[in-house]
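The values are calculated or read from the model by the stated rules, or taken from the named source; none is laboratory data. Only a predicted model underlies this, so the values are computations on that prediction, with no experimental measurement involved. Here the Cβ positions follow ideal geometry from the backbone for every residue, glycine too, while neighbour counts run over all protein chains shown. Quick note on the areas: whole protein, heavy atoms, side chains included, nothing else; ligands and nucleic acids left out. Shrake-Rupley method; radii C 1.70, N 1.55, O 1.52, S 1.80 Å.
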Amino acid sequence: MTCLSGCSGREPLLRIASHDWLGYQPLFLARELGYLDEERARLVEMPSASYSLQALSAGNVEGAALTLDEVLSSRAEGLDLKVVLVFDVSAGADVLMAHAGIGTLQELAGKRVGVESTAVGALMLSEVLHAAGLAPSSVELLSLTADQHYSAYASGQVDAVVTFEPMATRLLQAGARRLFDSKAVPGRIVDVLAVRAEALEASPQALAGLLAAYFQALGYLHQRPDDAARRMTARLGLAPDAVMSSLKGLHLPDLAENHGWLEGDHCRLDQSAATLEQVMRAAHLLVRPVSLDGLSEPRFLPAGP
């Protein structure tokens with residue numbers, strides 16, 4: 001039986017992998033503000049989601065900040081992950097950025113397009129090509145991790161890149177043009193905190209403390225947005241006003257919404273995952289069928305308001 005308070009003995013350290021996706025920043029804000037007990041839960045910074053997935057698969061971390069489709073892909077490969085938090089729903093923060101000379105999606109034909117070899121990268125690329133009426137063979141694909149997007153664009157290695165905030169704003173400032181974003185695919189790209197099932201039982205207090213710290217930091221972001229944005233600038237490489245502008249492309253569910261996302265037999269997360277699984281299977285993005293049983297785990301959330 002899991003206990004969230006009053007347990008004796010010291011729990012194993014809970015290590016959470018994350019990269020510089022804008023929607024994950026309240027986690028790092030919690031750490032900077034001193035809300036996070038790093039003796040119990042520690043953030044492990046990664047250059048991209050690909051590295052987070054590798055660390056999770058190798059057992060070097062107990063959890064990771066991932067897109068929902070990455071969680072589904074990992075579960076299909078046998079990793080028993082549980083979603084304990086919904087960070088954000090992308091509403092424009094995932095984008096295709098292209099050199100200024102490319103004015104339409106159709107003009108991507110014959111061009112070099114950079115994309116990360118993850119499910120969300122493949123999903124966005126599939127939607128871009130569908131909107132453009134192009135076959136995958138119409139473009140030359142280059143596999144790039146997220147930390148390579150800017151340099152590949154700036155050096156002319158690619159003509160366009162499937163990327164996300166804050167990189168999208170940096171590319172915009174460098175003269176790139178936004179041709180497609182996640183507003184065109186509402187509800188498809190959801191970012192979550194996924195934790196190995198065994199870690200839920202081994203470190204329940206650490207996880208509960210981590211989630212409490214996250215929502216405390218999210219409250220700080222809403223109450224003192226200017227200071228929160230200032231604190232995020234160094235990690236994101238953006239000016240405070242650019243941070244706030246970039247956040248407009250995300251919806252960050254609060255605690256009450258998280259309970260709605262994760263609680264119940266037919267909770268919103270399960271519904272979103274079922275729809276997403278169908279899309280991924282149709283696009284051949286899942287190597288095998290995936291069970292959605294026990295995907296959501298709400299018991300570590302703070303009590304609802």
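The lysines whose alpha-carbon is closer than 22 Å to the alpha-carbon of Lys183, local same-chain residues fewer than 8 away aside, are Lys248. Counting only protein chain heavy atoms and rolling a 1.4 Å probe, the accessible areas of His222, His266, His149 rank, largest first, as His266, His222, His149. Considering only beta bridges that DSSP places wholly inside segment 87-234, some 65 percent are antiparallel.
Surface listing: Lys183, Lys248, Lys111, Lys82 arranged by accessible area from highest to lowest gives Lys248, Lys183, Lys111, Lys82, probe 1.4 Å. Based on protein heavy atoms only, segment 26-105 ends up with 32 Å² per residue of surface accessible to a 1.4 Å probe.
Atom-type composition of the exposed protein surface of segment 171-231 places 49 percent of the accessible area on carbon and sulfur (1.4 angstrom probe).
A crude spin-label estimate for the pair Gln223 and Ser245, with each label 7 Å from Cα along the Cβ direction, gives 2.9 nm. What net charge is computed for the residues neighbouring Pro289, neighbours being all others with C-beta under 13 Å from the C-beta of Pro289, Lys and Arg scored +1, Asp and Glu -1? Net charge in that neighbourhood comes out at 0. Each stretch of four or more DSSP H residues adds -39500 (n - 2.57); spread over every residue of the chain, this sum gives -12000 deg cm²/dmol at 222 nm.
Over segment 211-277, accessible surface divided per residue gives 47 Å², non-protein components excluded, 1.4 Å probe. Taking the longest Cα principal axis of the chain as reference, the axis of helix 204-223 is set at about 60 degrees. Restricting segment 50-86 to GluC sites (Glu not before Pro) that sit in a DSSP loop and have at most 15 other Cβ atoms within 10 Å of their own Cβ leaves Glu77.
What separates the Cα centres of segment 257-305 and segment 139-210 is a distance of 20 Å.
Expressed in nm to one decimal, what extension gain is obtained for the pair Ala303 and Glu257 from 0.36 nm per residue of sequence separation less their Cα-Cα distance?
Here the segment from Ala303 to Glu257 would lengthen by 15.4 nm.
Of the beta bridges in the chain, as assigned by DSSP with both residues counted there, near 60 percent are antiparallel. Largest accessible area first, the listed residues Arg40, Arg268, Arg75 line up as Arg268, Arg40, Arg75 when surface is computed with a 1.4 Å probe on the assembled protein chains. Per-residue Karplus couplings for segment 71-81, computed as 6.51 cos²θ - 1.76 cosθ + 1.60 with θ equal to phi - 60°, are listed in order as 5, 4, 4, 5, 5, 5, 8, x, 8, 7, 9 Hz, Gly and Pro entered as x.
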